[in-house]
Amino acid sequence: MAKKQSQKDLTTEEKIKEAASKVFQKKGFSGTRTRDIAEEAGLNLALINYYFRSKQKLFEIIMAEKLSSFFMDFIPLLLSEDSSPEEKVRLVSENYINLLLENPDLPVFVMSAVHNNPKHFANIVKGAELIQDAPLVAQLKKINPNMKFEHFFMNLMALCIFPFIIRPAISLISKPIRKNFETLMQERIELIPMWMQQMVKQK
C-alpha cells in the first residue's frame, strides 16, 4: 500500500514539474501564476502548494535540475585524464547535442534562469571551477602555449548550444535548416571537433 502511494506521489510531483517547466518557458517566472501550472498539469491548485509550497520553490527545484543536466553532467568528460582533446570535444559535443535534441527548449529556459538569478546559478554549479585546472588545459597548452582555455571553452559551448537558441528565428528564414535541423545537428557532432582542432592550432 505504501509503495503504491509512493508511486502515486512521484507521478503527481513529476506532472507538476513538467507542467511548470512548460509554463515557465512560455511565460517566464514573473508572468506565471501557480494557477497556470495547476491548469497545465490538470491538477488542483492545492496540490501545487502541498508538494512545493510556493511558485518560487518550484522554480528553484526545476532550475536546479535543468542546470544540473545542462552543465554538471559533462564536467567529468572535461576532467578525464584518459582521453585526447579531440575525444573530449567529441564526447561533449555528442552529449550536449543529443541532450538538446531531446530537450530543445532547455537552452532558452536555462539562459533565462541564469540571467534572472545568477547567484543561484553559481551555487548550483559549484565545482565547475575545477575545469580551469582540468587535464584538458594542460593538453591544449602542449599543442599551443598561447591558447587561452577561456576562449576554447566558450567557443565549444557556443558551437553546441547557439543553434538551438537561434532555431526558432533561423527556421523561419531558412527552409533547409527548418527541414533538416536534426540532421545538421548530428553532422555537427563530427564537425565541431575538427573546428576546435583548427582553433587550437592557430598561433
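Can we say Leu67 is within 30 Å of Ile143 (Cα to Cα), under 20 Å from the mean Cα position of the chain (by Cα) and part of a helix (DSSP H, G or I)? Step through it out loud before you land on a result.
Numbers: within 30 Å of Ile143 (Cα to Cα): no; under 20 Å from the mean Cα position of the chain (by Cα): yes; part of a helix (DSSP H, G or I): yes.
Criteria not met by Leu67.
Being in a helix (DSSP H, G or I) and basic (Lys, Arg) is the filter; apply it to the stretch 9-35 and report the residue that is farthest from Pro107 (Cα to Cα). Write out each step before concluding.
Taking the stretch 9-35 and keeping what is in a helix (DSSP H, G or I), we get 9-31, 34-35.
From what's left, basic (Lys, Arg): 15, 17, 22, 26-27, 35.
On the way: Lys15: 21, Lys17: 17, Lys22: 13, Lys26: 13, Lys27: 15, Arg35: 25 Å.
It comes out as Arg35.
Bear in mind these aren't lab numbers, they're just calculated from the coordinates by the rules spelled out. Small disclaimer: the values here were computed from a predicted structure and weren't measured.
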